[in-house]
Amino acid sequence: MTSELPALNLQRFAKDHPERQQALAELRDVARSLGFFYLEGHGLPQARIDEIIALSRKFFTLPIADKLDIEMVRSPYFRGYNRAGLEHTRGKQDWREQVDFGSDRPPQDVTAGDPPWKRLVGPNQFPAALPELKPVINAWIADVTAIGIRIIEAFAEALGQAPDVFAPIYEAGPNQLLKIIRYPGRDQTETDQGVGAHKDSGFVTILLQDVVSGLQVDDGQGGWIDARPRKGTFVINVGELLEMASNGFLRANIHRVVTPPAGSDRLSVAFFLGANLSATVPVLTLPDDLQAQVRGLTQDPLNPLFSEVGRNFLKSRLRSHPDVAAVHHADLVAEQKRIEAAKLAETA
């Protein structure tokens, strides 16, 4: 049984690198088994990493009134600040305070008959008390999006595809979600659930950890692997979109975050890169040797998957933030439950 995540270097996927084919094979093997790895050689300087960590910590030390000025419940687009205990995973409270930033775009004109996910398109909220945060967040989203696309292209080639095979479903504007997160110590929470066990829904997640551990990855044998922080690296994991596109050849693995010890806290910056909300996930035709290893999708009766990207993301937002859903999207909540029940009936 492995006791730690493997590490891969992004530079080895460059077209002229002598180890490129070996690197693609390693990526394919890791993504098929654990679905998690450390990423080295990503090109972002340590000064940039230190800057976003420092500003994130500075935000969380603001007076509560300043943080609540951008409380998520004010935003129909699910952007802004959440106090610890207000986000839910599988119906249980997650003990973390956080700020969500998304693809910062003008709101859509939504009319009767439009897909409901259009309601998710809109602007971010930034704290007036910390104006220097906005340019750093926007630059970070752009940089990790570029890294994420390089990783997606490597995944495509590892699956025997052209590197741009996924471009049609993200080039019109990928779905971007960035969270700056603080997990308070056990003396300030009601349970050990920093974030409950779950999978991520997009292409890939690019996670920056500070110095305190907490992320754990399902080892497939009834235990958990501690993804301890490594300076200068990201933790990368496969999302459900890649699992769906590969018909289960790649694995979106279960993971969780446990509350840090009393008297401490944990800081992280998590970026989730997805497809355009208007897209439908294609199922790739894999080479014969890979096709023979296809496992099909894992089915979770509490989290049915939809091939429509916008529908999946909307489902996630409504379930994770019931307070925001109740204020801004009460009409969608009952409809979402009906759709999920129908989807479950199809797979029963």
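A short reminder: the numbers here are calculations on the coordinates, not readings from a lab. Note that this is a predicted model, so its numbers are computed, not measured. Positions of Cβ are backbone-derived with ideal geometry, glycine not excepted, and every protein chain shown enters the neighbour counts.
The phi torsions of the range 29-40, fed into the Karplus equation with coefficients 6.51, -1.76 and 1.60 and a -60° offset, translate into couplings of 5, 5, 5, 7, 9, 6, x, 9, 7, 7, 10, 10 Hz, rounded to whole numbers, with Gly and Pro shown as x. About its Cα centre, the dipole of the chain is roughly 440 debye, where the only charges are +1 on Lys and Arg Cβ and -1 on Asp and Glu Cβ.
Within the straight-line cut-off of under 15 Å between alpha carbons, the aspartates and glutamates reachable from LYS118 are ASP104, ASP109, GLU308, ASP331, sequence neighbours fewer than 8 places apart in one chain being disregarded. Computed 3J(HN,Hα) for the range 57-67, one whole-Hz value per residue from the Karplus formula 6.51 cos²θ - 1.76 cosθ + 1.60 where θ = phi - 60°, is 5, 5, 4, 5, 8, 5, x, 4, 5, 5, 5, glycine and proline marked x.
Values of log10 I(q)/I(0) for the range 44-110 across q = 0.23 Å⁻¹ run -1.07, by the Debye formula with one identical scatterer at each alpha carbon and no solvent. The amide H of GLU40, built 1.01 Å from its N in the peptide plane, has LEU8, ASN9, LEU10 as neighbours under 5 Å, considering only residues 5 or more places off or on other chains.
Could you please tell me the mean projected area of the C-alpha convex hull for the chain, averaged over all directions and given in square nanometres to one decimal?
So the mean shadow area of the Cα hull is 17.7 nm².
Annotation: the residues GLU190, GLU243, sorted from fewest to most other C-beta atoms within 10 Å of their own C-beta, follow the order GLU190, GLU243. Specify whether the C-alpha gyration tensor of the range 1-69 places it in the rounded, prolate or oblate class, a ≥ b ≥ c being the square roots of the eigenvalues: rounded for a/c under 1.5, otherwise prolate if a/b is larger than b/c and oblate if not. Prolate shape, in that a/c is at least 1.5 and a/b is the bigger ratio.
Using C-alpha pairs under 8 Å with a sequence gap of at least 6, the mean separation divided by the residue count of the chain gives a relative contact order of 21 percent.
Three semi-axes describe the equivalent ellipsoid of the range 196-323; taken as square roots of 5 times the Cα gyration tensor eigenvalues and ordered largest first, they are 27, 18, 14 Å.
Does the range 134-183 come out rounded, prolate or oblate by the C-alpha gyration tensor, with a ≥ b ≥ c the root eigenvalues, rounded set by a/c under 1.5 and, if not, prolate when a/b is larger than b/c and oblate if not? Cα axes put the range 134-183 in the prolate bin.
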